[in-house]
Amino acid sequence: MSCVVVVGTQWGDEGKGKVVDLLTRQADVVVRFQGGNNAGHTLVVGKDKFILHLIPSGILHTSKKCLIGNGVVVDLEVLQQEILALQERGIAVSPKNLGLSERAQLILPFHKHLDLAREAQKGKASIGTTGRGIGPCYEDKVARIGIRVVDLLDPEVFAERLKTNLIEKNFIFENFLKVPPIDPQAVINTYGPLTEFIRPYVTNVSLRIEEALSENKNILFEGAQGTHLDIDHGTYPYVTSSNPVAGSVCHGSGVGPTRIQSVVGIVKAYTTRVGGGPFPTELTDEIGLALREKGGEYGATTGRPRRCGWLDAVVLRDSARLNGLTQLAVTKLDVLTGQKKIKICTGYSFNNQTLTSMPARLKTLEACRPVYEEWEGWSEPIEGIRKRANLPQAAQKYLNRLEELVRVPIGIISVGADREETLFPDNPFS
Ligand code: IMP
């Protein structure tokens, strides 16, 4: 019996989907614990490409059970589409292998409406959200006016909570944001059939995890977004509204902290960020563009181009501490092939000082300049390599330096998009 957590160490899009998919081979149960359909995990299996937003990537292995925990905010229309799309492609999805927490909060049409209207009103000062209603849904949860999956199952409770919530929201829509109000009856009409579709999947996720643990099963917790998008520890306010750090597994799924054995931090071999906010190692030159094109750095959820830059050890050291990382999984190493010189940021220069952790003050962070080390690049293709010792010398040196700076060993190295293009020396379940 083992519980392994996978988290992103940067600003999301580190390639968690592929690593989760690989680790799922050793897991019996895969659990999502935070975020919503702002996430987008791209998986490549042979010639097939799957993009999942809500359902854990483990669903592609039909013998595994996938659970969506209470900490996830769920847009049921998206969940239904995802289930139907997988079924159409021959993947078995049923209440036997997918469960949804009765305590999860629902993203409703007015959350998306609010997210988009606020972003439009902020103009240049916008966060660059995914527009999926994530922030407004978490706000309602904390304000204790949210609507949970269990409320939906009781049509009277759902209608009453919806109407009450919309009194305030519609006032804001009409009088402050100057956008049309939402008709509660239209939402009720849409959600009636959806409720019946989803009802068989609803369960107590905490109990299901406890049962699995008592049967000595392996559990994989699949994080979404990245550590520096964390509402508490990220580059606030340019963050998401959940806690992508590993500690959030406990309250987002209902498992106790003493049950967790290892935490794998996914590190893209360079850095990307989508949306607004500080990004000290951002490259706005042709190298940044080349990384974007070669790495296919376009959002899986919104299609937006991602900002690209060099690897940032300040970001990674903070992540190692905040998540208690036990190993790193380096992804997209192949994207760096062909770069003559490769840089790693080891600290930030600010007011004649060198900072080695992220400052909380946004203005300080914006004024920070990266302090770089320069390393030799490599030109040989590495997709076919399966042993770390067979990688080009320059690539090995880059990885060794990364381990040294972050002080966490590398357990997995991905050298291409396919499942097989992976060096897997250290299994976190063993
Ligand atoms: P929200 O989560 O839609 O509210 O967006 C808040 C910020 O987090 C924006 O900068 C988004 O681009 C970013 N974000 C949210 N989800 C992801 C993700 O899965 N990958 C990368 N960035 C994300």
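General remarks:
- Value in Å of the Kirkwood radius, where region 267-423 supplies the Cα pairs that are averaged: 16.2
- Placing a pseudo-label 7 Å from each Cα along the Cα-to-Cβ vector at Arg388 and Val150 gives an inter-label distance of 4.6 nm.
- Under 14 Å of direct C-alpha separation, and excluding same-chain neighbours fewer than eight residues apart, Lys332 reaches these aspartates and glutamates: Asp13, Glu14, Glu293, Glu297, Glu383, Asp418, Glu420, Glu421.
- Dipole-positive endmost among Gly223, Pro180, Cys345 within the chain (Cβ charges, Cα centre): Cys345
- Carbon/sulfur fraction of accessible area - the chain, other protein chains in place, 1.4 Å, %: 51
- Label sites at Lys294 and Lys397, each approximated as a point 7 angstrom past Cα along Cα to Cβ, lie 1.7 nm apart.
- Paramagnetic label zone (point 7 Å from Cα along Cα-to-C-beta, Lys122; backbone N under 12 Å) in region 193-236: 236
- Only DSSP H runs of four or more residues enter the estimate; each adds -39500 (n - 2.57), and after division by the residues of the chain the mean residue ellipticity at 222 nm equals -9500 deg cm²/dmol.
- For region 105-198, the square roots of the Cα gyration tensor eigenvalues, ordered a ≥ b ≥ c, give a/c of at least 1.5 with a/b greater than b/c, which places it in the prolate category.
- When the pairs Lys65/Lys397; Lys64/Lys343; Lys65/Lys124; Lys47/Lys387; Lys96/Lys387; Lys49/Lys387 are compared against a 32 Å limit on Cα-Cα distance, Lys65/Lys397; Lys64/Lys343; Lys65/Lys124; Lys96/Lys387 fall above it.
- Degrees separating the helix 393-406 axis from the principal Cα axis of the chain, which is the longest one: 60
- Convex hull volume per residue in cubic angstrom - Cα atoms of the chain: 137
- Annotation: aspartates and glutamates with alpha-carbon distance below 16 angstrom to Lys340 (same-chain offsets under eight excluded): Asp285, Glu286, Glu373, Glu374, Glu376, Glu380.
- Difference of contour (0.36 nm per residue) and Cα-Cα distance, His251 to Thr62: 65.3 nm
- Principal-axis analysis of the Cα atoms of the chain puts helix 76-88 at an angle of about 70° to the longest axis.
- Model label sites at Leu362 and Ile172, defined 7 Å from Cα along the beta-carbon direction, differ in position by 1.8 nm.
- Solvent-accessible ranking of Phe424, Phe110, largest area first, probe 1.4 Å: Phe424, Phe110
- Cross-link partners for Lys178 among the lysines, with Cα-Cα distance under 16 Å and sequence neighbours closer than 8 places in the same chain left out: Lys112, Lys122, Lys169.
- Evaluated with a Cβ-only charge set (Lys, Arg +1; Asp, Glu -1), region 293-339 carries a dipole of roughly 100 debye about its Cα centre, given to the nearest 20.
- Our note on the geometry: Cα centres of region 5-47 and region 227-288, 13 Å apart.
- For the chain, the solvent-accessible area works out to 41 Å² per residue, with a probe of 1.4 Å and every protein chain left in place.
- Zone of Glu88's modelled label, taken as backbone nitrogen in region 182-210 under 20 Å from a point 7 Å along Cα→Cβ: 193-195, 197-198
- Charge dipole of region 205-296 (Cα centre as origin; +1 on each Lys and Arg Cβ, -1 on each Asp and Glu Cβ, all else neutral): 120 debye, rounded to the nearest 20.
The values are calculated or read from the model by the stated rules, or taken from the named source; none is laboratory data. From a predicted model like this one, the values you see are computed outputs, not experimental measurements. Every residue, glycine among them, receives a Cβ derived from its backbone with ideal geometry; neighbour counts consider all protein chains shown. These accessible areas exclude ligands, DNA and RNA; they are computed on the full protein's heavy atoms, side chains included. Shrake-Rupley method; radii C 1.70, N 1.55, O 1.52, S 1.80 Å.
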